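Data first, discussion second: the structure below is written as structure tokens.
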């Protein structure tokens, strides 16, 4: 699942992930993401912080507070890159924090694969 309100970036991510044979769930804001999580449990969540309404930090907090979703790995992908933002994301349970301006789509895909691999090894 990816949670992103920027239409252009969402389209680019969707195309790239589709090429990787991913089944995609998209939410444009935190409330929509939480509603989708009631119906489906994705393998991983790619989460923006600056979202309309419920922001990514609050959405992350709720994901990690729920028994149903707490074990889903979360990668934050945001333009926020201050040390305090990164620390807050990690403290709330994010597995990784990527800054949009400094990563390529290929690096995002590699990070998704790395985090998924790590989580599957931890469950084994």
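The values are calculated or read from the model by the stated rules, or taken from the named source; none is laboratory data. These figures come from a predicted structure and were not determined experimentally. Methodologically, a virtual Cβ is constructed for each residue, glycine included, from the backbone with ideal geometry; neighbour enumeration extends over all protein chains shown.
Residue by residue, here is whether (1) in contact with a helix residue (DSSP H, G or I) (Cβ under 9 Å, 6 or more places away or on another chain); (2) more than 22 Å from residue 120 (Cβ to Cβ); (3) buried (at least 19 other Cβ atoms within 10 Å of the Cβ) holds:
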{"position": "57", "(1), (2), (3)": "yes, yes, yes"}
{"position": "61", "(1), (2), (3)": "yes, yes, no"}
{"position": "72", "(1), (2), (3)": "yes, no, yes"}
{"position": "78", "(1), (2), (3)": "yes, yes, yes"}
{"position": "88", "(1), (2), (3)": "yes, yes, no"}
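Considering the range 92-102, the residues that are under 15 Å from the mean Cα position of the chain (by Cα) and part of a helix (DSSP H, G or I) include one that is surrounded by the fewest Cβ atoms within 10 Å (Cβ to Cβ), namely 100. Just to be sure, is residue 93 touching a helix residue (DSSP H, G or I) at 6+ places or on another chain (Cβ under 6 Å) and modelled with pLDDT under 95? Answer is no for this residue.
Highlighted here are the helices (runs of 4 or more DSSP H) found entirely within the range 1-83 that include at least 2 residues which are out of contact with any strand residue (DSSP E or B) (no Cβ under 7 Å at 6 or more places or on another chain), in contact (Cβ under 8 Å) with a residue 24 or more places away in the chain and more than 19 Å from residue 103 (Cβ to Cβ): 30-39, 56-65.
Checking each residue in the range 1-19 for being in contact with a helix residue (DSSP H, G or I) (Cβ under 6 Å, 6 or more places away or on another chain) and surrounded by fewer than 19 Cβ atoms within 10 Å (Cβ to Cβ) picks out only 16. Looking only at the range 8-21, how many residues end up being under 12 Å from residue 112 (Cβ atoms) and over 14 Å from the mean Cα position of the chain (by Cα)? Counting residues in the range 8-21 that are under 12 Å from residue 112 (Cβ atoms) and over 14 Å from the mean Cα position of the chain (by Cα) gives 2. Taken together, the criteria place residue 120 among residues that are modelled with pLDDT under 90, out of contact with any helix residue (DSSP H, G or I) (no Cβ under 6 Å at 6 or more places or on another chain), closer than 17 Å to residue 41 by Cα and surrounded by fewer than 18 Cβ atoms within 10 Å (Cβ to Cβ).
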